[in-house]
1. Restricting to region 293-344, count the residues that are over 21 Å from the mean Cα position of the chain (by Cα), of a type outside the set (K, R), under 30 Å from D183 (Cα atoms) and part of a loop (DSSP other than H, G, I, E, B).
2. Do any residues in region 209-227 that are over 21 Å from S455 (Cβ atoms) have Cβ atoms under 9 Å from those of residues that are among the basic types (K, R), where the two are at least six apart or on different chains, and which pairs are they?
3. Can you tell me which residue is most open to solvent (accessible area, probe 1.4 Å) among those in region 154-185 that are at pLDDT below 90 and assigned to a loop (DSSP other than H, G, I, E, B)?
4. Looking at region 93-112, I want the residues that are within 17 Å of R130 (Cβ to Cβ) and have a partner that is modelled with pLDDT under 95 with Cβ atoms under 7 Å, at least 6 apart or on another chain. Which pairs are those?
5. Somewhere in region 438-452, is a residue touching a residue at least 24 places away in the same chain (Cβ under 8 Å), under 26 Å from A96 (Cα atoms) and either in contact with a Leu (Cβ under 6 Å, 6 or more places away or on another chain) or part of a helix (DSSP H, G or I) (or both)?
6. Of all residues being in contact with a strand residue (DSSP E or B) (Cβ under 7 Å, 6 or more places away or on another chain) and either part of a loop (DSSP other than H, G, I, E, B) or not aliphatic (A, V, I, L, M) (or both) in region 224-234, which is surrounded by the most Cβ atoms within 10 Å (Cβ to Cβ)? Just the residue, please.
7. In region 255-272, how many residues are at pLDDT below 95, in a loop (DSSP other than H, G, I, E, B) and of a type in the set (A, V, I, L, M)?
Amino acid sequence: MSGDVVVVGAGVGGLAVAARLAARGRRVTVCEQADTVGGKLGVFRRDGFTFDTGPSLLTLPSVWFETLRATGLSDVEARCAVALRRLDPIARYRFADGTWWDHPTDETDLIAACDVLAAGSGDSMQRLLRRAEAMWNASRGPFLESPLDGARTLLRQTARLADLRTIAPGRTLRSLGRSHFKDPRLLQFVDRYATYSGSDPRRAPAVLASILWAERSEGAWYVDGGLRRLAEVLAARCVSLGVDLRLAADVVSIRSAGGAVSGIELLSGDHLRADVVIANADAAHTYRDLVGHPAGMKGLRAVERSEPSLSGFVLCLAVDRSLPGAEKLPKLAHHTVLFPALYDAEFDALFDHPQRVVEDPAVYLSIPSDQAVAPPGCEAWFVLVNAPRHDPVGVLGIDWTKPGFAEAEADRVLAVMARRGVDVRPFVRFREVRSPADLAARTRAEGGSIYGTSSNGSLAAFLRPANRSSVRGLFLVGGSSHPGGGLPLVQLSARIVADMVGSGR
């Protein structure tokens, strides 16, 4: 394939694959329906405050550096493209019994911290880390960095039976956690890794514990100025390589003829011819709305067989630390999690009874220590709770657009935080509320599902929609396709697709 390439969507995956292909000499056009790049790596700015509204930490920075080198930068240039700051602790947790506990970056410190929290649990954490490391090593090359298309290719990629035993595809994350820990607080700590892919730890595969090792192997990092800088750097690389980057260019159809793509149609009525179309969009939206019947039906059926991921309800809080009484707020880390007493009730509500909000949710806070994102004496707080998807009918989720509903939920989340010792309400200059309906409208993610499909099921983490579609010349990239969501995996998705397109596979 040597003709034009059109990328639909300027999220991180779309920008990364566009830059890779342009660096190989391909003529690439990126069409983005919004008036800015970044996709779910969003940003909200107001009154001197800047909020990351998507990912808030970068793991596996080596993947980021490799992405930039693939676009033609030297190693030194790649490492200087953004200013990275290592986070330690990775997160601070507040458990329902009032205990505060730090998750250190260093393995020795983490083992010691576990022993402090629950005597004798340090050895269990060490064993879990070794298992997580083995899972990571067994899964990274064959699964995360290679194309997959269904269970058959999954099994073919497993060259050794020992690797399959290591990743334990029939075991859940919850089961793995219970085999190592008895303390309910450490079980909650392990369970939380399921939410990294929008999943239920009782049904998500044990291999998600490999994230624990991925965090440890290269650390967790913040980008000075906000993670939005990653998208801006990728967009600049695209422009410098001659990519035609079109914003406010809404693609309404991916056209095909004779079983192969022929181009795209824009809302403006313009048509762009292309031999390759790469959809950096939600897989369900791509197959149902852009490809349509009958070409998209095979891909759509595969998506619909999977359980959607959870969504998120967001508050952006402009917090004034200079106000009287603010000094009494507890010391919070860059990432802080306030756990409920009954974590299972949250997953019951999200996956079994999605027609109602979670009564007592875990609350996630991101509070960068960065003078660039807030005025002096202030902080930009990003608050997230897992939430049911948006469904106007109220069957598969909640109608988040009902008058007053989102604002009432914001009040309730703040009250939950107050009950857990973080009553920030008197110190909030303003708040911005973002519901799953807002996420769905901004990114076209169905129902506001953050990760497209969940990893619920023994093989679900490995069987997301394939990067190569059944329509010749159409490829999928990004968080809702293989290998999944999160900044590193989205960039690996871009590498996989660029190699496919480059080789003509």
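1. 6
2. Listed by first residue and then by second, the contacts come to G219/R86; W221/R85; W221/R86; Y222/R85; Y222/R86; V223/R85; V223/R229; D224/R85.
3. The qualifying residue most open to solvent (accessible area, probe 1.4 Å) is R160.
4. Filtered contacts from region 93-112: E107/R216.
5. Checked region 438-452: no residue is touching a residue at least 24 places away in the same chain (Cβ under 8 Å), under 26 Å from A96 (Cα atoms) and either in contact with a Leu (Cβ under 6 Å, 6 or more places away or on another chain) or part of a helix (DSSP H, G or I) (or both).
6. For region 224-234, the residue satisfying everything is L227.
7. 0
For every residue, the table says whether it meets (1) closer than 16 Å to R86 by Cβ; (2) open to solvent by 50 Å² or more (accessible area, probe 1.4 Å).
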residue: L212; (1), (2): no, no
residue: E218; (1), (2): yes, no
residue: Y222; (1), (2): yes, no
residue: A236; (1), (2): no, yes
residue: L241; (1), (2): no, yes
residue: D244; (1), (2): no, yes
residue: L247; (1), (2): no, yes
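The values are calculated or read from the model by the stated rules, or taken from the named source; none is laboratory data. None of the values given here were measured: they were computed from a predicted structure. We place every Cβ from the backbone using ideal geometry, glycine too, and count neighbours over all the protein chains shown. Please note that ligands, DNA and RNA were not included when accessible areas were found on the heavy atoms of the full protein model with its side chains. Shrake-Rupley method; radii C 1.70, N 1.55, O 1.52, S 1.80 Å.
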